[in-house]
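The values are calculated or read from the model by the stated rules, or taken from the named source; none is laboratory data. This structure is a prediction, so every number in the text was calculated from the model and none was measured. Cβ placement follows ideal geometry from the backbone for every residue including glycine, while neighbour counts extend to all protein chains displayed.
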Protein chains: 2
Amino acid sequence: MNRFEKEDLQREMAEVERHLTACLRDPGFGGAIGEILRDVGESKGKRLRPRLLLLAGRYGERFETARERLCRLGALVELVHMASLIHDDIVDDAPLRRGAPTIQSKYGKDRAVYAGDLLLSRIVQSLFRDGFTRVGAFFGEAVEAMCMGELGQMACRFREDTTVDQYMRNIYGKTAALCRLACRAGAVESGCREDVQAQLEDLGVNFGYMFQIRDDLLDFVSDAAREGKCTQMDFREGILTLPVLYAMEKEPARQKIVALLREAEAGRFGEKEAQCLQEVVASSGGLARAAADMEMYAQKALQAVETLPDHGVSDVFRGLLQKSQQGGCR
Amino acid sequence: MNRFEKEDLQREMAEVERHLTACLRDPGFGGAIGEILRDVGESKGKRLRPRLLLLAGRYGERFETARERLCRLGALVELVHMASLIHDDIVDDAPLRRGAPTIQSKYGKDRAVYAGDLLLSRIVQSLFRDGFTRVGAFFGEAVEAMCMGELGQMACRFREDTTVDQYMRNIYGKTAALCRLACRAGAVESGCREDVQAQLEDLGVNFGYMFQIRDDLLDFVSDAAREGKCTQMDFREGILTLPVLYAMEKEPARQKIVALLREAEAGRFGEKEAQCLQEVVASSGGLARAAADMEMYAQKALQAVETLPDHGVSDVFRGLLQKSQQGGCR
């Protein structure tokens with residue numbers, strides 16, 4: 001039952017794309033609305049969240065009959081992700097996303113505010129029109145967690161007393177909450193037993209943690225980072241990520257990092273400072289410890305799958321985890 | 001049946017406030033979240049939208065049993081309004097709202113983006129948790145219309161070819177869509193017949209038009225406006241409101257206004273220009289025509305009530321309309 005076939009997932013993902021296109025239709029109102037929606041539709045992500053949702057859905061006894069609805073839900077989870085990226089880019093003042101100009105850099109911050117709101121409104125309409133009453137509230141819950149993660153992160157900016165606990169709470173909201181929603185929505189809509197649903201939610205959360213820590217590590221281990229170029233954007237903005245927080249647990253690394261943070265706060269964080277941070281975080285073991293955590297969350301995510309009855313899905317999850325450890329999160 | 005008693009509405013509005021407080025509870029996450037939610041809760045508006053909803057609800061045969069749910073819905077409609085004000089203030093860069101500092105001026109634009117999103121997420125959670133499946137999609141529809149109104153208005157900025165039709169489409173989204181939602185949600189949730197529901201929606205739309213035109217007129221007829229001080233903020237931002245659009249239908253007013261618009265675009269719109277605009281719009285009959293339109297929409301709104309069976313509500317609607325013609329819209 002629900003035996004996994006690779007071709008099925010491909011067909012489902014094509015269906016997800018069709019629903020995305022429908023949700024991003026131009027209302028024909030003029031303004032820049034049509035162009036914005038077209039740009040949003042053309043930004044191709046890895047669609048990891050719909051994939052998580054569809055894989056989780058395979059553990060439910062209603063999977064076959066729910067398949068079409070799961071594809072719709074997959075599109076809605078991706079839309080939440082898209083809306084959050086549009087609003088995040090306003091805050092980060094980011095010029096590029098997935099290699100393309102961000103909505104805010106192309107259309108201005110003002111339009112980006114309403115573009116994100118417009119996507120959220122489309123999600124709400126679809127959740128009600130298609131009768132997703134079992135999972136609708138979870139969407140609201142995830143968006144609330146995402147807001148709290150971002151607001152929590154802002155509250156920690158330039159604060160050297162930020163703790164690893166605070167960091168984990170913030171990345172729960174920023175990344176893990178939506179991965180959890182994907183698994184939860186897939187599980188509930190397909191009729192999983194409660195214990196299976198809980199395991200799948202755990203998988204989503206750990207998947208999300210792994211993802212975000214990986215993203216934060218990339219700021220240090222990419223080629224650009226080694227050369228001190230255009231990286232450590234988080235640190236420049238005063239955001240302390242896991243490798244930095246671990247490095248700060250020991251002296252003299254802590255003192256050095258605090259001094260660099262003050263430079264960043266004063267807008268004096270250049271190539272020299274970036275290389276200095278890079279060296280301190282690496283030599284103090286901050287990178288290694290963060291990498292070990294990433295591995296731990298990947299293992300936890302896998303364990304959640306391995307206790308579940310095998311429909312051939314765990315292999316795919318495993319592949320997704322490995323690809324995500326290597327590839328990009330967003 | 002459903003005979004209107006003033007004390008009942010007062011009791012219901014107190015219940016609306018209780019639900020608002022519950023929806024604005026501090027999640028205890030830290031950051032500035034608790035403070036922001038407290039500030040939002042303390043900003044006292046006239047609660048016109050929940051009032052519209054509760055009055056519309058009186059025409060339904062399920063009113064008595066639905067009363068408690070209508071109070072909840074009233075709070076949610078007001079929350080949509082609050083969320084939209086937070087996001088609008090980001091765009092307008094407004095320092096004050098209802099006499100108090102705006103969220104964006106007090107906490108920064110970045111936090112204001114997520115504060116608005118957080119309110120939207122709370123609305124979605126409540127709509128699903130309380131089982132508002134009959135009206136949930138209408139909330140999404142109204143938010144979509146509001147985004148389109150704002151984006152439509154942005155597209156018209158500094159454009160002297162803006163038409164009265166475009167203006168009406170934009171204010172439908174900016175103001176009328178939410179008044180319509182209030183009446184629609186009240187009507188549907190209380191079990192109004194379809195024709196009564198349609199009439200109440202008409203009332204909401206016309207009420208909204210009247211509101212917004214009144215707001216736009218105030219920019220010209222308030223004492224400050226007559227002295228050319230700190231007013232015509234819309235025109236400074238390149239937004240052509242109804243009095244201006246009517247004034248532009250005739251020469252030589254049109255030429256003068258276009259010249260002033262170019263000054264505003266170049267950031268050279270001072271007291272002298274404001275007084276000049278004031279004179280042109282008044283002397284060309286723009287003010288009088290816009291005021292006549294306002295009166296017409298008020299009459300249309302009243303007509304919708306007067307064809308309905310009288311539960312004693314039409315008097316209250318009439319009072320609300322008159323108060324709104326004189327007092328503030330937001």
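Summed over the stretch B:21-69, the residues that are over 18 Å from B:ARG97 (Cα atoms) and either among the hydroxyl-bearing types (Ser, Thr, Tyr) or in contact with a Pro (Cβ under 9 Å, 6 or more places away or on another chain) (or both) give a count of 5.
Consider B:THR163 carefully, then state whether it is facing chain A (nearest Cβ under 9 Å) and farther than 15 Å from A:ALA115 by Cβ. No. Scanning the stretch A:123-134 for residues that are charged (D, E, K, R) and either facing chain B (nearest Cβ under 8 Å) or within 13 Å of B:ILE123 (Cβ to Cβ) (or both) returns a single hit, A:ARG129. Residues being assigned to a loop (DSSP other than H, G, I, E, B) and either touching a Ser or Thr at 6+ places or on another chain (Cβ under 8 Å) or modelled with pLDDT under 95 (or both) are represented in the stretch A:210-226 by at least one member. One residue alone among A:ALA56, A:ALA22 is of a type outside the set (Lys, Arg) and surrounded by fewer than 21 Cβ atoms within 10 Å (Cβ to Cβ), and that residue is A:ALA22. I'd like to know if the stretch A:181-190 contains one or more residues that are modelled with pLDDT under 95 and either more than 16 Å from A:ALA274 (Cα to Cα) or assigned to a loop (DSSP other than H, G, I, E, B) (or both). Among the residues of the stretch A:181-190, not one is modelled with pLDDT under 95 and either more than 16 Å from A:ALA274 (Cα to Cα) or assigned to a loop (DSSP other than H, G, I, E, B) (or both), which makes the answer no. For the stretch A:127-167: of the residues being among the acidic types (Asp, Glu) and in a helix (DSSP H, G or I), which is farthest from the chain's Cα centre (by Cα)? Looking at residues that are among the acidic types (Asp, Glu) and in a helix (DSSP H, G or I), I get A:ASP165. Does B:ALA290 fit the bill of being part of a helix (DSSP H, G or I), without any contact (Cβ under 8 Å) to a residue 60 or more places away in the chain and not basic (Lys, Arg)? Taking the combined requirement at face value, the residue does not satisfy it. Filtering the stretch A:236-285 to residues that are in a loop (DSSP other than H, G, I, E, B), in contact (Cβ under 8 Å) with a residue 40 or more places away in the chain and not hydroxyl-bearing (Ser, Thr, Tyr) leaves A:GLU237, A:GLY238, A:ILE239, A:LEU240, A:MET248.
Considering the conditions (1) among the hydrophobic types (A, V, I, L, M, F, W, C); (2) within 8 Å of chain B (Cβ to nearest Cβ); (3) surrounded by 22 or more Cβ atoms within 10 Å (Cβ to Cβ), A:LEU73 is excluded by exactly one of them, (2). The sole residue among A:ARG254, A:ARG268 that is surrounded by 13 or more Cβ atoms within 10 Å (Cβ to Cβ) and of a type in the set (D, E, K, R) is A:ARG254. For beta carbons closer than 8 Å, sequence separation of 6+ or different chains, a first residue in the stretch A:135-156 that is more than 7 Å from chain B (Cβ to nearest Cβ) and over 14 Å from A:ARG180 (Cβ atoms) and a second that is outside any helix (DSSP H, G or I) and of a type in the set (S, T, N, Q), the qualifying pairs are A:CYS156/A:THR162. Does A:THR231 fit the bill of being free of Cβ contacts under 8 Å to residues at least 60 places away in the same chain, more than 20 Å from A:GLN299 (Cα to Cα), crowded, with 20+ Cβ neighbours inside 10 Å and not charged (D, E, K, R)? Against the criterion (free of Cβ contacts under 8 Å to residues at least 60 places away in the same chain, more than 20 Å from A:GLN299 (Cα to Cα), crowded, with 20+ Cβ neighbours inside 10 Å and not charged (D, E, K, R)), A:THR231 qualifies.
What do you reckon, is B:ASP165 surrounded by fewer than 23 Cβ atoms within 10 Å (Cβ to Cβ), under 18 Å from B:ALA298 (Cβ atoms) and among the acidic types (Asp, Glu)? No. Residue selection: B:LEU118 fails the criterion of being more than 7 Å from chain A (Cβ to nearest Cβ) and modelled with pLDDT of 95 or more. Restricting attention to the stretch B:125-139, the residues that are buried (at least 24 other Cβ atoms within 10 Å of the Cβ) and not hydrophobic (A, V, I, L, M, F, W, C) total 1. Within the stretch A:83-124, the residues that satisfy the criterion of being part of a loop (DSSP other than H, G, I, E, B) and either in contact (Cβ under 8 Å) with a residue 40 or more places away in the chain or surrounded by fewer than 21 Cβ atoms within 10 Å (Cβ to Cβ) (or both) are A:ASP93, A:ALA94, A:PRO95, A:ARG98, A:GLY99, A:GLY108.
The set of residues from the stretch A:302-320 being outside any helix (DSSP H, G or I), out of contact with any Ser or Thr (no Cβ under 9 Å at 6 or more places or on another chain) and under 17 Å from A:ALA198 (Cβ atoms) comprises A:THR307, A:PRO309. The test for being out of contact with any helix residue (DSSP H, G or I) (no Cβ under 7 Å at 6 or more places or on another chain), surrounded by fewer than 21 Cβ atoms within 10 Å (Cβ to Cβ) and more than 9 Å from every other protein chain (Cβ to nearest Cβ) does not hold for A:ASP202. Of the residues making up the stretch A:237-251, those that are under 15 Å from A:ALA288 (Cβ atoms) and crowded, with 20+ Cβ neighbours inside 10 Å are A:THR241, A:LEU242, A:PRO243, A:VAL244, A:LEU245, A:TYR246, A:ALA247, A:MET248.
Scanning the stretch B:264-309 for residues that are among the charged types (D, E, K, R) and modelled with pLDDT of 90 or more turns up B:GLU265, B:ARG268, B:LYS272, B:GLU273, B:GLU279, B:ARG289, B:ASP293, B:GLU295, B:LYS300.
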